[in-house]
Structure formats: C-alpha cells, structure tokens
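The values are calculated or read from the model by the stated rules, or taken from the named source; none is laboratory data. Quick caveat: nothing in here was measured; it's all calculated off a predicted structure. Cβ coordinates were reconstructed from backbone atoms using ideal geometry, including for glycine residues, and neighbour counts include every protein chain displayed. We work out accessible area using only protein heavy atoms, side chains counted, and drop any ligands, DNA or RNA first. Shrake-Rupley method; radii C 1.70, N 1.55, O 1.52, S 1.80 Å.
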Amino acid sequence: GEALHGGDHLLRRCPCGSGGEAAVVEHTFVVHEMNQTHLCNTTKIYVVNGQLPGPTIHVTDGDTVVVHVVNRLPHGLTIHWHGVRQIRSCWSDGAGFVTECPIPPGGKHMYRFNVTGQVGTLWWHAHVTCLRATVAGAFIIRPKGGRYPFPTPAKDVPIIIGEWWQLDLVELDKRMHDGNFADNPLSATINGKLGDLKNCSGKPEESFVLDVVRGETYLLRIVNTALFSEYYFKVAGHTFTVVGADGYYLTPYKTDMVTVAPGEAIDVLMAADAPPAHYHMVALANQPPEPDPQIPGFDSRGLVRYAGSSHNNNGLPVSTPLMPSQHNTMPSYYFHNNLTGLAHPDRHRVPMDVEERLYFTLGLGSICRNGTKTCQRRRSRETIVVATMNNVSFRHPTNTSLLERYYDGRTSGLYTEDLPDHPPHPYNYTDRALIPPGPLEEALEPTFKATKLRRFRYNTSVEIIFQSTALLQSDSNPMHLHGYDFFVLAMGIGNYNPKTDPEKFNYHNPQLRNTVQVPRTGWAAVRFVTDNPGMWYLHCHFEFHIIMGMATAFIVENGPTPETSLPPPPPEFKRCGSNGLTQP
C-alpha cells in the first residue's frame, strides 16, 4: 500500500475491508545522552531523538505499531508501551527483567504490537532505572473514522507533566537502590519546560505556551511521567470537561482542576471561551502532610495565549489559578471518585461472579543490611527501608527475564508462586500513629525480600482490594497492571470493610483503567478477567516504591486454543545473555 515518511516516522496504509484502513505505524527511537541547562546548571539527560518530551506516537484503533529502538547509552534500557493491552504480545511489553532483558549499549531492538479496542491517550517510557523521567512520550490512539463521542476538537495538545532532576538519573537510581531516598527534583515541568516561576540569576526559565483561538475547543491529553508526585493541574479562567482516561472514554465530567497521578493519562476538553488575554496554567505536586517525610513543593507554570491578545497582555498581570494546598490530598480523592466510564451496553461487562479475591496491603517496612533478622530497627546504618505488598518486598531479577524463563520452563530458584492473597497479620492499616517511629510501628516493620508471583488460570475473574496503609508513611499508591485494564468499582478512605463497602460498588458504568490511584490511607476495588496469557508486571508507579519493592508479577496461563495462548517469541525477540542484557 501507500507509504508515507515523516522524519523518524513511517506510515504504511493497507485496505482492511469494511472496517476502514488499518496501518503499520513505524518509528525509529534513538536513545542518547544530551546536555541541557536549567537553573544555571548544565545537566546530562537521556532523551529519544533529541526531544524532551520524546516523540508522540499517533495511531488509529486497529493499527500495528513497529518501533526500532537504537540504544546509544552506556547502559541497558527497555521501552514499555504503558497501557497498551498487548493481547498475545507479552514479548513486546518492554518491562525490564520481567518480559525481556535490557537492550545493551550499542544494541538495537524492534517492538511490534497491535492496538485494538482502545481510544484516547496512553504513553511510552523507559522501564529500566529512573530513565523514564526524560525517556517518555505520549501515545495517542484515534478512533476509526475519526468519530469521537464529543465534538471534534480543533487541536490535540499533549500536556506531559514531569520533573527536572539536576542529579544524573543513573546515579539517582543507584542511591535509591542503596536505601538513600534523600534526593528530590528541583522543579516540575510542563512539556519539558520549568516555567517562569523558576529563574537563573533573575532570568525566568522558559514556559510552555499554548496558543489558542477564542471559540475553539482543545483536547488536552494530560500525562504524568513524574517519578515522585501526583499533580494538580489548572488553567486560570477556564474549566475542563474530562472525557477519557487511560485509553477509554469517560462520562463527561466538568471540573476546574484535573488530578493526575504517575502513570495516569487524562483527556480533557478545554473551551477557549475567556476574554482574549494571557492565562497561566499551573501543575502543582501534592504530598501528605507531616508526620510523613517531607519533600519540597514542586510546580511549573505555563501560559495559554489567545490570538489577538497583545504581546504584554495590555500591561495587565496574567491571571494565575488558585491552587489547593500541596498538603491537601482530598481533591485527588474526590476527582478520581467522581469519574465514571462511558457505558457500553454490549461490551466491557463487569465480571459479577468472582473466582479469585485478593486483598493487597501497600506499605513500608525494613530489612537488615547484614542479611539477618536481628538488627536495630529505625537505624539507617543497620536497616534498609523497603516497600511491600502483603508484607513481601519484591526482589527484582537482575540478570534474566521472568517471561523467558517461564516460557522455557526454567524457573527453579528464580521465583515462587506463593504471593499471599491477604496480609499475614491484620491490623488497623490506616492508623496514623504508625507513621512516626514507635512501638506500634516497630512491631509491624520487619519484612523480607523475595520474588513471589501469583498464577491465574486463563479466563478467571479476579477482584483486588488495594489497601494503602500508614506504615512509616501515608502516601497514595498509583497501582499499574501491565497487559490489562481493570474496572474501578469503588474507592474509599480508611480501612476497607468487606461487609458494607461492596454496597458502594459501581457495576453499571465503572471506569476502565490500567492505573488506579489508591487513596492516601484508603482503598480501591478493581475487577478484571484474565484473558491475556503471559507474565504481567504489577507495581506502584512511584519510582521509589518500585525500587523499594512494591511490585509483583501475575502469571496468566494459556487458554484451551492457540487463539487464547501466548505464541512463541517473535523472530525479532532477543533472548537474555549471561550478562543480563539481550544478546546481539
């Protein structure tokens, strides 16, 4: 068929019968180092094709995506296609040491997968070490025929919220693996710009500018790629209509503020209906108040600039939105709890008969540096603080791929399949007396590291209650499951009550998400059916929680037919070498 070239992008169209045209969308990603100067300092960063954020991938529902990754970094990496279902293509998921070993320095790798049944905004990012802080970009899926369930916007605008780290990201990763979590970013970013609230010797940093025309409507595709924080996002003098999240439509919801957690992608319509002038947009990180460990506030400020407005805004001050306190996390809870899915009577039915019920507590603990079980707790020299699910801290493989070894039947000594379905010792999970050191907390703190997975039969209905705890901290937890979307049936504050809380479950039009923001000292209930065989990573999307071990992997067995089974590795798949990197 027809081939179109566009820089790093190649599109081949092919006739696909009455369903319209599908295409093969092809990209080349060259990952390399680059220097950037901000806040009077020049920092080495890691980027794709010289861009920050990285290139946006545009596809249509039904397309096949082919991405050639060239690694020009001095260390390995993988690229994960965050939120893409990867039906029967687990080999292309890009989860480092879970579905593949990293691409070695100087190496190349090809990812090939189909995108079907999803419409909206997803994203892609590096999935080894902390590189996703800068190696990331939007992944936009348009509907067949270009028909939205809302008026077609004048323009799509990716809004990538991230963080600016002056510390080398590889060094940051090493420090966190050694239990040092004292480092913080210097600023938030909007589309790679720090914004004019930051300055170097009095000269403001550059801001992201969105030019609009009065009377037009814009589709803002807001993605949080940050390592550390959830963000509030507002535009002065404007409101939003939320219409989608994580690649699915939502019931239109009007709000003046969007809350987006790491891993989430939120689609909103913004009407340019204000008097022609300049208006600030602000992204502000939220975090729990004391006694939680405190980190500085991060924000970035951009600009909405109307056509016809004067260069200096007629000498008037630029309107700035009123933001919540950075320590007020309740707006996040209300925002996420108010979202519902756009009801589809024929598909996406919630499984009503649950076959597997899991209750996962999410918290912190500590292990002894000397490898024993006896050491002085809360003494940083003797212990390492780790993150847990049901009091197990996940030990990530470092030289092999879980999927490859599972497929080959060579799993002895690598992992066990006994991740607990429930916490070993019930307690008052949201008692905030557990946050600071004390006798209550110290009794619950000891834990251990292990590579414990959970296996499911094909086509099993699963319910997971995620319970955020107050053990050593009271963070929220954006939990992301690879290879699946789940129905978010309900969420609440406090401890989940199995007798009364199911009465709140929304079976009619729940959100379908790949990442659920489990509220601070609260819970979220999700359901899904295991219809995609493979090895699928489940983890919190705060980078420090991943490194600390708030993760596991789900094994989903093959179904009864070839169409319900994981196929062999594709020809382009590269197996792990003895050094823990893919073979040439």
State whether one or more residues within the range 126-139 are surrounded by fewer than 19 Cβ atoms within 10 Å (Cβ to Cβ), outside any loop (DSSP other than H, G, I, E, B) and within 20 Å of the chain's Cα centre (by Cα).
no
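Looking at the range 569-584 only, could you name the residues that are free of Cβ contacts under 8 Å to residues at least 60 places away in the same chain and more than 16 Å from Gly76 (Cα to Cα)?
Pro571
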Just give me the residues in the range 531-559 being buried (at least 24 other Cβ atoms within 10 Å of the Cβ) and of a type in the set (Ser, Thr, Tyr), in sequence order.
Tyr537
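Residues checked against (1) assigned to a loop (DSSP other than H, G, I, E, B); (2) assigned by the TED database to the domain that holds Thr460; (3) not hydrophobic (A, V, I, L, M, F, W, C):
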site	(1), (2), (3)
Gly363	no, yes, yes
Ser366	no, yes, yes
Asn370	yes, yes, yes
Thr398	yes, yes, yes
Leu414	yes, yes, no
Asp418	yes, yes, yes
His422	yes, yes, yes
His425	yes, yes, yes
Is it the case that Gly146 is out of contact with any strand residue (DSSP E or B) (no Cβ under 8 Å at 6 or more places or on another chain), farther than 30 Å from Leu186 by Cβ and either surrounded by fewer than 23 Cβ atoms within 10 Å (Cβ to Cβ) or hydroxyl-bearing (Ser, Thr, Tyr) (or both)?
yes
Ala470 - would you say it is in a loop (DSSP other than H, G, I, E, B), in the same structural domain as Val556 (by the TED database), small (Gly, Ala, Ser) and open to solvent by less than 20 Å² (accessible area, probe 1.4 Å)?
yes
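Hey, among Leu167, Leu197, Leu219, Leu210, which residue is aliphatic (A, V, I, L, M), more than 30 Å from Asn370 (Cβ to Cβ) and surrounded by fewer than 19 Cβ atoms within 10 Å (Cβ to Cβ)?
Leu197
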Just to verify a result, which residue in the range 317-361, among those that are in a helix (DSSP H, G or I) and in contact (Cβ under 8 Å) with a residue 60 or more places away in the chain, is most open to solvent (accessible area, probe 1.4 Å)?
Asn337
Looking at the range 516-528, which of its residues are closer than 21 Å to Trp81 by Cβ and surrounded by fewer than 24 Cβ atoms within 10 Å (Cβ to Cβ)?
Phe528
